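Notes to accompany the following structure.
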Amino acid sequence: MISTKNIFLVLLLLFACAHLSAQELSQQIVAGRENSPAQMQKPYIIYISADGFRHDYAGKYQAKNLLALKATGVQAVSMKPSYPSVTFSNHYTLATGMYPSHHGIVNNSFYDPNRKQIYLKKDASAIKDSTWYGGLPIWALAEQQKMLTAAFYWLGSETAVQGIRPTYWYNFNNKIPMDARLEAVKNWLLLPAEKRPHLIAFYFPEVDVAGHDFGSNAKETGEAVKLVDDCVGKMVELTKSAGLNVNFVFVSDHGMTESDNKNTMPLPNLIDTAKFVVPNGDALLQIYAKNKRDIQPLYLKLRAAAVDYDVYLTTKMPKRWHYRAKDNKDGRIGDIILIPRLPKIFNLTGKPTNIGKHGFDNAMPDMQAVFYAWGPAFKKGLTINSFENVHVYPLLAKILGLQYSHQIDGKLAVLAPVLR
């Protein structure tokens with residue numbers, strides 16, 4: 001028979017879980033902040049990322065709002081993601097203007113030999129641990145200068161990088177309906193000037209999810225593109241109803257391609273996991289040696305045996321990837337890198353994996369991301385050549401009138417010509 005005391009404890013636990021869930025779903029606010037009088041006069045930017053929105057998707061799936069909006073502003077032929085072309089690395093690059101090897105989030109999952117820990121994309125405690133993150137995100141730069149910001153999901157916004165979060169932010173989850181997310185943007189825009197964010201970062205995961213599950217040519221991916229397109233159209237209308245002339249920057253982190261997800265490659269049996277740490281991966285395997293003397297012998301064996309994948313020492317990675325030993329600021333890039341030759345991919349778990357993949361050479365056409373921008377800061381009807389995504393950060397800072405002195409990889413000169 002259950003005692004009254006035990007029943008009370010169970011009810012208390014259920015209440016605590018419900019309360020925690022409500023907190024996780026609620027907007028988080030850093031109290032006591034206001035825009036300084038000077039910052040209240042600055043422009044507004046809504047910075048949108050549609051995860052996995054390949055550079056050709058708007059035309060391919062007739063995204064009517066984006067096609068119309070980009071024609072009123074600036075569009076790039078494509079935007080080149082940083083290597084590796086994965087979500088976490090590139091979202092944090094888009095937030096910091098730094099290559100992954102410099103800001104520290106070198107893959108979706110990776111090993112830090114100094115910490116002797118693996119960063120996993122599904123580990124909420126790691127995602128919220130600011131000590132993993134280098135650089136200074138654009139929202140943190142703004143907040144340092146008394147300009148308020150908001151984020152509805154963006155890697156790095158859930159933790160206080162250099163002690164600073166956006167003023168308004170949400171913990172990532174998939175339970176908040178899209179209408180509620182748009183309502184949050186509306187409410188931010190309607191705040192009084194001293195409380196209104198001048199930078200809103202907004203993240204859409206839907207296109208990436210569909211692309212992984214069904215491939216880049218599937219109707220489900222087209223439907224996800226149209227969902228994002230519809231939401232962008234609604235967001236533009238929200239700014240008009242709020243009476244604000246807002247700049248929009250619409251980007252993605254990478255593209256998408258099809259893989260052979262039936263005939264995958266396991267971890268090569270030459271790799272002794274007692275001597276090497278190998279985090280999970282499919283388009284890129286990083287091998288970290290526990291003893292550096294074991295690197296060269298394994299490298300030579302893998303080179304001799306490799307079929308359907310290429311083997312690199314970190315010291316010999318292509319310079320254009322900015323992913324070499326000399327770039328390896330925190331030691332988080334593996335000692336040996338294995339890169340499959342498409343359509344082949346690695347599958348270390350042996351479990352079924354999806355068809356849509358990214359993470360490959362960032363020069364590949366299918367890996368190319370999107371860049372559109374429109375609003376009062378931008379020229380009209382301008383098409384520019386492809387450029388690297390590190391250059392978006394200084395563009396945002398310029399529009400918002402923010403100063404920075406720390407070192408980044410992006411250069412304002414690359415995108416300055418798109419401004420009026």
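The numbers here are math on the coordinates, done by the rules we state, and not lab data. Note that this is a predicted model, so its numbers are computed, not measured. Neighbour counts run over all protein chains shown; Cβ positions are idealised from the backbone, glycine included.
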Cα-based Kirkwood hydrodynamic radius, region 128-206, one decimal, Å: 13.0 Å
Proximal lysines to Lys226, defined as alpha-carbon separation beneath 19 angstrom and excluding residues fewer than eight positions away on the same chain: Lys60, Lys64, Lys70, Lys234
Cβ-defined net charge surrounding Pro197, 14 Å radius [Lys, Arg +1; Asp, Glu -1]: +4
Share, in percent, of DSSP beta bridges within the chain that are antiparallel, nearest 5: 55 percent
Summed side-chain charge close to His254 - residues other than His254 whose Cβ falls under 12 Å, Lys, Arg +1, Asp, Glu -1: -2
Value of Rg to Rh for the chain (Rh from inverse mean 1/r over Cα pairs, i.e. Kirkwood): 0.99
Tensor-based shape of region 103-234 (alpha-carbon gyration tensor, a/c under 1.5 rounded, otherwise prolate or oblate): oblate
Cβ-based net charge around Thr149, under 15 Å, with every Lys or Arg adding one and every Asp or Glu removing one: +2
